[in-house]
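Here the structure is laid out as structure tokens; the discussion comes afterwards.
The values are calculated or read from the model by the stated rules, or taken from the named source; none is laboratory data. This one's a predicted model, so the numbers in the text were calculated from it and none came from an experiment. Note that we place each Cβ from the backbone using ideal geometry, even for glycine, and neighbour counts take in every protein chain shown. Please note that ligands, DNA and RNA were not included when accessible areas were found on the heavy atoms of the full protein model with its side chains. Shrake-Rupley method; radii C 1.70, N 1.55, O 1.52, S 1.80 Å.
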Amino acid sequence: MKPKSKLFVDLDGVIVDWLGGSLELCGVNSHNPVIRNLLRDGTKIDDLIAGGRQTLTDAVNDAGPDFWLNLRFLPWGKELIARLKTEFAATHRLAFLTSPGKFPLAAQGKVAWLLNNYPDDSIIICRDKELCASEDAFLIDDADYQIKPFIRDGGCGFLWPNQYTLMDVDDRDLGHSRQVINQCVSAIKLVHDS
């Protein structure tokens, strides 16, 4: 019997709303249309917070593991995971592959989040995701700086769109994000002949 391929899914920006949670923690209203437009157009979160990256880092670190534990699902997060499990249960082993960034308590909080939401699934916490790359590995991530090295090192990947491009279109329904989920599933099937 052929071993199962590996299907890795990022958490922040793909499944959970790290951007919104971080902005709220730093006193920035992520529902403000001006802020949403800036984020959709690629403005970095550091540029929206007084004090920039240092303020963000300090706020997240001060909040501790509870910050990560309490991150909310993005509107399509549960549906994406359910679809991946349905489509690929027989051919792929699903694991969450997430980076702690420069936040020392992120690992503890992310593991607690996973145990609360997907207690039977695996989690790998690794800053350099390409270390998990192989020809039988597929990564879904919203960061091209994670996808590019993963592919360079022999894996395959799907660049998940900026969450605000999906959220602004999908405020009334999940039609557009379902199209992206379908594209993602098709890409995995194309690459891994499922």
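A few points about this structure:
- Stretching the chain fully between R152 and R178 yields a gain of 6.5 nm (0.36 nm per residue, less the alpha carbon separation).
- DSSP-defined beta bridges in the chain - what % are antiparallel, rounded to 5: 5 percent
- Linear extension gain, E79 paired with V28, 0.36 nm per residue minus alpha-carbon span: 15.6 nm
- When +1 charges are put on Lys and Arg Cβ atoms and -1 charges on Asp and Glu Cβ atoms, the dipole computed for the range 92-193 relative to its Cα centre reaches about 200 debye.
- Apportionment of accessible area to carbon and sulfur, the chain, percent (1.4 Å): 52 percent
- The loop-placed trypsin sites (Lys or Arg not before Pro) in the range 102-144, going by DSSP, that have at most 12 neighbouring Cβ atoms within 10 Å of their Cβ come out as K102, R127.
- Around the amide H of A137, modelled in the peptide plane, lie the amide H atoms of K6, C156, all under 5 Å away and 5 or more residues distant in sequence or on another chain.
- Partner lysines for K102 [C-alpha distance under 18 Å; skip if fewer than 8 residues away on the same chain]: K44, K110, K129
- 14 Å cut-off, amide nitrogen to a point 7 angstrom out along R93 Cα→Cβ, residues in the range 138-154: 138
- Label separation (S186 vs D46): 3.7 nm, computed from points 7 Å beyond Cα along the C-beta direction.
- In terms of its C-alpha gyration tensor, the chain comes out prolate, because a/c is 1.5 or above and the ratio a/b outweighs b/c.
- The modelled label-to-label distance for the pair Y145/N116, using points 7 Å beyond Cα in the direction of Cβ, is 2.8 nm.
- The range 85-194: C-alpha gyration tensor shape, a/c 1.5 cut-off, then a/b vs b/c: rounded
- For the range 1-92: rounded, prolate or oblate by the Cα gyration tensor [a/c cutoff 1.5]: prolate
- The charge dipole of the chain, taken about its Cα centre with unit charges on the Cβ of Lys, Arg, Asp and Glu (plus for the first two, minus for the last two), comes to roughly 420 debye.
- 3J(HN,Hα) along the range 42-57: x, 4, 6, 4, 4, 6, 9, 10, 4, x, x, 4, 5, 4, 4, 4 Hz, from the Karplus curve 6.51 cos²θ - 1.76 cosθ + 1.60 with θ = phi - 60°, whole Hz, x for Gly and Pro.
- Dipole of the chain [Lys/Arg +1, Asp/Glu -1 at C-beta], most positive-end residue of A59, T43, Q183: Q183
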